[in-house]
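Colleague: Below: one structure in structure tokens.
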2 protein chains.
Amino acid sequence: MKVSAIITLKKDVLDPQGKVIHQALDGMGFENISEIRQGKYFEIDVNENDPNKAKAVVEEMCKKLLANLVIENFKIIETQ
Amino acid sequence: MKVSAIITLKKDVLDPQGKVIHQALDGMGFENISEIRQGKYFEIDVNENDPNKAKAVVEEMCKKLLANLVIENFKIIETQ
């Protein structure tokens, strides 16, 4: 089954990339934006039919490789 | 309100970054993965209280700047 992981910077961590995108959109006429933050997204196809086990595997991946837990949070979503 | 946009490569487009992550995870002992695809994630705080209007604004942003529609798909999710 497919499981998705969304990794975002923690609230207090500066996001220069998001700021640049904000400025670019501002310059294009999108003026009513308060903030943009960029994150990473992974769609992982795990050979596992039990949703809870699949999520547990992805959680371990996030902890060990995908996310830097010092500055990032992760969220796991069931896709299928 | 906050709206999120998830941008992923289309199915037929190669994802070398995802492949490398797959190999890395494989080497770390996560062996039951069929595929990993990486995407981008944006959390956009729009000054707009109507969810439909906020989503429409974010959709336009995706079309004009955030996504490359030739090779990428986007999905818009209401966060708050």
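What follows draws every value from the coordinates through simple rules; no lab data is involved. Fair warning: this is a prediction, and the values are worked out from it, not measured in the lab. Quick reminder, even Gly has a Cβ in these numbers, built from the backbone with ideal geometry, and neighbours come from all protein chains shown.
Colleague: What are the label-to-label distances in nm, one decimal and shortest first, from B:VAL20 to the same spot in the other copies, with labels 7 Å along Cα to Cβ?
Modeller: In ascending order, 1.8 nm.
Colleague: Sorted from shortest, what are the nm distances separating the label point of B:LYS75 from equivalent points in the other copies, each placed 7 Å from Cα along Cα to C-beta?
Modeller: List, nearest first: 1.3 nm.
Colleague: In µm²/s, what is D for the protein assembly as shown at 10 °C and 1.306 mPa s, where D = kT/(6 pi eta Rh) by Stokes-Einstein and Rh is the Kirkwood radius from Cα pairs?
Modeller: Translational D for this selection: 96 µm²/s.
Colleague: Here's something else I'd like to know. Using the Kirkwood radius over C-alpha pairs as Rh, can you work out the diffusion coefficient of chain B via Stokes-Einstein at 37 °C, viscosity 0.692 mPa s, in µm² per second?
Modeller: 232
Colleague: With chain B rotated onto chain A, spot the residue of B whose Cβ lies nearest the axis and note the distance in whole Å.
Modeller: Closest to the rotation axis on chain B: B:TYR41, 2.
Colleague: Which residue fluctuates the most in chain B, going by a Gaussian network model with Cα springs under 10 Å, if the choices are B:ILE33, B:ILE21, B:ILE44?
Modeller: Maximum fluctuation in the GNM of chain B, among the listed residues, is at B:ILE33.
Colleague: Which net charge results when you count Lys and Arg as +1 and Asp and Glu as -1 among the other residues whose beta-carbon is under 13 Å from that of B:LYS55?
Modeller: Result for the neighbourhood of B:LYS55: -1.
Colleague: Still on this structure: Say a label goes 7 Å from Cα toward Cβ at B:LYS53 in every copy; what distances in nm does this one have to the rest, shortest first?
Modeller: Result for B:LYS53, in nm, nearest copy first: 4.9.
Colleague: Further, regarding this structure: Using the structure shown, select from A:LYS10/A:LYS64; B:LYS2/B:LYS53; A:LYS40/B:LYS19; A:LYS53/A:LYS75; A:LYS64/B:LYS10 the pairs with a Cα to Cα distance greater than 21 angstrom.
Modeller: Numbers: A:LYS10/A:LYS64 18 Å; B:LYS2/B:LYS53 12 Å; A:LYS40/B:LYS19 15 Å; A:LYS53/A:LYS75 16 Å; A:LYS64/B:LYS10 27 Å.
Result: A:LYS64/B:LYS10 exceed 21 Å.
Colleague: Still on this model: Considering only DSSP states other than H, G, I, E and B, which GluC sites (Glu not before Pro) in chain B qualify as loop sites with at most 11 other Cβ atoms within 10 Å?
Modeller: Hits after loop and neighbour filter: B:GLU31.
Colleague: For the pair B:LEU14 and B:LYS64, how long in nm is the line joining their label points, each one 7 Å along Cα→Cβ?
Modeller: Each label point is offset 7 Å from its Cα along the Cβ direction, giving 3.4 nm.
Colleague: Now for a separate question. Using unit Cβ charges (K, R positive; D, E negative) and no other charged atoms, how large, in debye to the nearest 20, is the dipole of the protein assembly as shown about its Cα centre?
Modeller: 120
Colleague: Let me know the mean shielding of B:26-34 by other chains, meaning the per-residue number of their Cβ atoms within 10 Å of its Cβ.
Modeller: Across B:26-34, the average partner-chain Cβ count within 10 Å equals 4.
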